Structures are given as C-alpha cells and as structure tokens.
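Working notes, structure below.
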Amino acid sequence: MKYFEFGKENKTTLLLLHGADTTWQMSFQPFIDAAKKRFHIIAVAEDGFNPDEPNIDATSVIDEAHRITEWLVEHLDGRVDIILGESLGGMIMTEILLDPRIKVHTAIADGFTILEYPNFKHDLPKRVFAGILTYVQLFAFKHMGLFSRILGEDIDSMIYKQTSKTTLFNLEYSMMPYRYKYEAFGLSDSYIWHGEKEPGLKHVLRKIDRSEYHFKHKVFLGRGHGSLLLEPERLLREVELAYKGYDKNYRSE
C-alpha cells in the first residue's frame, strides 16, 4: 500500500479511496489535477490494485481499512476533513470511521453498493462461491460490455484489468459473511451518492433506513456507477458543496 500526496500546502485534507478493479490514478488523476489547488489530497494505492506493487494482493476490506487507519493516526493524528470513498472505497471508509481515533468532518460514499453474500456455515461452499464470482469478474474484464450493463455506465478507461485472481478471490471470500457498518454514517457529516442508472440504487435505499442511520442521499440524474469521476470539475464542486453541508436531500442534473 502506498500513499500519494498533492497540494500539501493546503489546510483542508481530502482522503481518496478508490473502488475495486481500478487504481488511484485511473480513478482520480483528472480529479486530483482539478482539486490539488484547493485541498491537501491523500490518494491511497490500495493493495491488489497498485501497479507499483504487483506482487501484493488484497486480503479483505477490514485489513485495508486497518492499514489506512494506522497511517492516518501516524501522519495526521487521525484527523481528516473529507473522505471520498468510491464504491468499495465507501465500504473501507465506514470501517475507518468506526475507529475512535479517527475524526472526520465529511464522509462521502459514492456508488455505495450493498452486495448481500450468503452466509455459508462451511468453508468449501464459501470457496466455491468466491471462485465463481472471481471468474465472472475475469470474464467481464474481457467483455467490457458486461461491466457497462452492470454499472449503468461505460467506465472502461477506469478498469484495472491486471487485477490478480488472488486479490479478486480474497475480497469475495472475505465478504462471506460481512456486516455492513451503517452506524458509521452517524460519526461524521455523511453522504451517499448514486447515479440514477446504477442497478443497486433502489436496493440500497430499501436496505438503509435513514431514520435510523444518519446520512444525506443525492442522486445524479442520467448517470451510472462512478460517473462523476469522468467529470472532474463537477466532482470538485460536489465535494466542496458536501463539505459546506447540503441543506436537504435532492436530485441533481
């Protein structure tokens, strides 16, 4: 795992956590170019998705979050102004927020997706199921139209097709079972963003009760999973708005 910092002269810290099957550069480089004059940016090159460390595989969301948390405590005294977690990065973000040493003003989970995995009682079916899901992803790397249909957006330019089979398997295996930490959204000024075309949007809204868990929700019309990454200036404006505080839940063009 590596950390890349930009705009260190700025006071407001912004931690960037990319999703699965991508890298920090493929996801965030255009946004970083737009935002580094405004924020002190820390972009995390997560295990298993870092071309600089091709022999290091991811193990689990919890392990990734633990390592990032320790870095934040050591280098920033655990204080971060904004976290932007994309897809899987949003899951990692919730784990980080739950550590009592961490203090975050604004937490944004963009494309927060709930994948409800079966809770197998024995190890063999867990391994078989994780293996099947791994090969589905490897197949999708070769047939990007499948990714586009799943995500509601053509984000071929952001897919890291060199992700190892071991990393994919480890992440799938670690999700059985995994309990989503919705309570983390009550520990900061929290937001969940979705593109209107994301297939998992309605499922997430049904699953997360806003009367119980504290967050504001925003839907971007005509967009799919990760769409704002393709619009760096727009993403910068949305991050700044979130940091200032939305006054209500609403849809956006």
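The values are calculated or read from the model by the stated rules, or taken from the named source; none is laboratory data. Because the structure is a prediction, the values reported are computed rather than measured. FYI the Cβ positions are ideal-geometry reconstructions off the backbone, even for glycines, and counts take in every protein chain you see.
Which pairs have Cβ atoms under 9 Å, sit 6 or more apart or on different chains, and link a residue in segment 146-171 that is farther than 20 Å from GLY111 by Cα to one that is modelled with pLDDT of 90 or more and basic (Lys, Arg)? Pairs found: PHE169/ARG127.
Every test in (1) touching a Gly at 6+ places or on another chain (Cβ under 7 Å); (2) farther than 30 Å from ALA130 by Cα; (3) exposed (fewer than 15 other Cβ atoms within 10 Å of the Cβ) is passed by GLY222 save one, and that test is (1). For segment 91-115, the set of residues classified as in contact with a His (Cβ under 9 Å, 6 or more places away or on another chain) and small (Gly, Ala, Ser) consists of GLY111 only. Going by what's in this entry, would THR59 be described as of a type in the set (Val, Ile, Thr), under 26 Å from LEU201 (Cβ atoms), in contact with a helix residue (DSSP H, G or I) (Cβ under 8 Å, 6 or more places away or on another chain) and touching a residue at least 60 places away in the same chain (Cβ under 8 Å)? So THR59 fails the test.
Considering the conditions (1) under 21 Å from GLU240 (Cβ atoms); (2) free of Cβ contacts under 8 Å to residues at least 40 places away in the same chain, THR13 is excluded by exactly one of them, (2). If you go through segment 224-245 and keep only what is in contact (Cβ under 8 Å) with a residue 60 or more places away in the chain and within 17 Å of the chain's Cα centre (by Cα), you end up with GLY224, HIS225, GLY226, SER227, LEU228, LEU229, LEU230, PRO232, LEU235, LEU236, VAL239, ALA242.
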